[in-house]
Amino acid sequence: MSHVMNTYARQPVAFVRGEGVWLWDEAGKKYLDALAGIAVNTLGYGHPKLKQALLDRVASGVIHTSNLWRIPDQEAAAERIAEITGLDEVFFGNSGLEATEASIKVARKYGHDRGIAEPAIIVMEKAFHGRSLATLSATGSRKVQAGFEPLVQGFVRVPLNDLDAVRQAGEHNRNIAAVLIEPIQGEGGINVSRLEYLRGLYEICQKHGWLFISDEVQCGMGRTGKWFVYQHAGFQPDVVALAKGLASGVPVGACVTGGRAKGVFKPGNHGSTFGGNPLAMTAVRVTIDTVKEERLMERAVKAGEVIRSQIRDQNLPGVREIRGMGSMIGIELDRPCGELVLQGLNAGLVFNVTADNVIRLLPPLVMSEAEAREVVSRLVPLMKAFLEKRVAA
Ligand SMILES: Cc1ncc(COP(=O)(O)O)c(C=O)c1O
């Protein structure tokens, strides 16, 4: 019996070695990874630059000091994040929920600073922001919230891609201080915000003086072909939440502020013992530098195009829609398809299923076009067999 708490329905496989986009299990079987540990392993597995930098950091004897002292690695990582986001200040935590939780706190503090006693935040249906009490309350999924009531107050929920709903919420609620949005919803089924919608949302925020908070924990870090989805839309948000792919597997979260959110947090407003420690910051620095040096955003776009177009060309009945941007891909089927995950593992392909009926592919950014074609040649037969079997039944 395992003493690991039973919070995940785990598949019966354990990966023990990796190289590039390939993984090996305990029995030595080889798998092609099209999930990257859920959008985490930006540089794939065993990238020599990351490996060496982490080894050097460990060899120095200093993997943690404290935020009581200056941390040069943290300063170097923050400088890079400021450069790629276009924003000013970075708070480091250790996970995605810490990044979004900090963003929610920034929004509330911003509201209070403007004389709003009970600030509210507009959030989206089907969004996922984490599993702390505040972030699960911001999340648009009853499944995530059930059993943990009372929820944290102060969230106003609207449908994605509906500007009128946002305008109406603004008219009826004088307490709104911010909008929090995943520009591409990951857990919710790879639901893409239209770029005109994002621009319209930004304009509404500008008009009312609300913060625009972009939760790019899953969709950010180059996966879509630009560092961040808001850069496709062409504006600067006030707050960006980052984690997952930011450090290629070392746990890091970041709440990045600029614009109206700059300077909202003062000493004592927030903190984290581990946040921004030298080990994690080394991974952030190397991840960002390597994405640039190896032009991995271009790779992500190409790999994504290959996968999307080749699956589309199959014209499989039962495929409702193929969505996404770059290497963030959702294939919606007309029926629940969770069983495909184990069938994939049996066929040596790693992916997952979200929102019951959406095959989700989030490959490492180092995936080549040939490897992307291999993803398709392993996935398509599985989809065909699955869809045909159900039609026949
Ligand atoms: C968009 C988004 N925000 C926040 C989170 C929470 O991240 P974590 O699981 O690291 O707390 C996730 C995790 O899937 C996410 O996809």
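The values are calculated or read from the model by the stated rules, or taken from the named source; none is laboratory data. Bear in mind that the values here come from a model prediction, so they are computed numbers and not experimental data. Here Cβ is always computed from backbone atoms with ideal geometry, including for glycine, and neighbour counts include all displayed protein chains. Ligands, DNA and RNA are excluded from the accessible area calculation, which covers all protein heavy atoms including side chains. Shrake-Rupley method; radii C 1.70, N 1.55, O 1.52, S 1.80 Å.
Data overview
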item: Tensor-based shape of region 158-295 (alpha-carbon gyration tensor, a/c under 1.5 rounded, otherwise prolate or oblate); result: oblate
item: Heavy atoms of SER368 accessible to a 1.4 Å probe, total area in Å² rounded to 10; result: 30 Å²
item: Size-normalised alpha-carbon gyration radius of region 262-393, reference 2.2 N^0.38 Å; result: 1.37
item: Positive-pole candidate from THR85, ILE71, GLY130, dipole of the chain, charges at beta carbon; result: GLY130
item: Accessible heavy-atom area order of HIS270, HIS129, HIS172, highest first, probe of 1.4 Å; result: HIS172, HIS270, HIS129
item: Global form of region 96-245, assessed from the alpha-carbon gyration tensor, a/c cut-off 1.5; result: rounded
item: Of GLN231, ASN41, THR282, farthest towards positive along the dipole that unit charges on Lys, Arg, Asp, Glu beta carbons give the chain; result: ASN41
item: Region 312-350 versus region 50-87: alpha-carbon centroid distance in Å; result: 38 Å
item: Charge dipole magnitude, Cβ of K and R +1, D and E -1 - region 1-148, Cα centre, debye nearest 20; result: 480 debye
item: Region 220-302: C-alpha gyration tensor shape, a/c 1.5 cut-off, then a/b vs b/c; result: oblate
item: List ARG174, ARG320, ARG114, ordered by accessible area with a 1.4 Å probe, largest first; result: ARG174, ARG320, ARG114
item: Over the chain: helical MRE at 222 nm, DSSP H runs n ≥ 4 each giving -39500 (n - 2.57), nearest 500; result: -12000 deg cm²/dmol
item: Proportion of all alpha-carbon pairs of the chain beyond 28 Å (%); result: 47 percent
item: Simple Cβ-charge dipole of region 156-294, Lys/Arg +1 and Asp/Glu -1, about Cα centre, in debye nearest 20; result: 340 debye
item: Exposure ranking of ARG167, ARG295 by accessible area [1.4 Å probe, largest first]; result: ARG295, ARG167
item: Accessible surface of SER377 - all protein chains present, 1.4 Å probe, nearest 10 Å²; result: 70 Å²
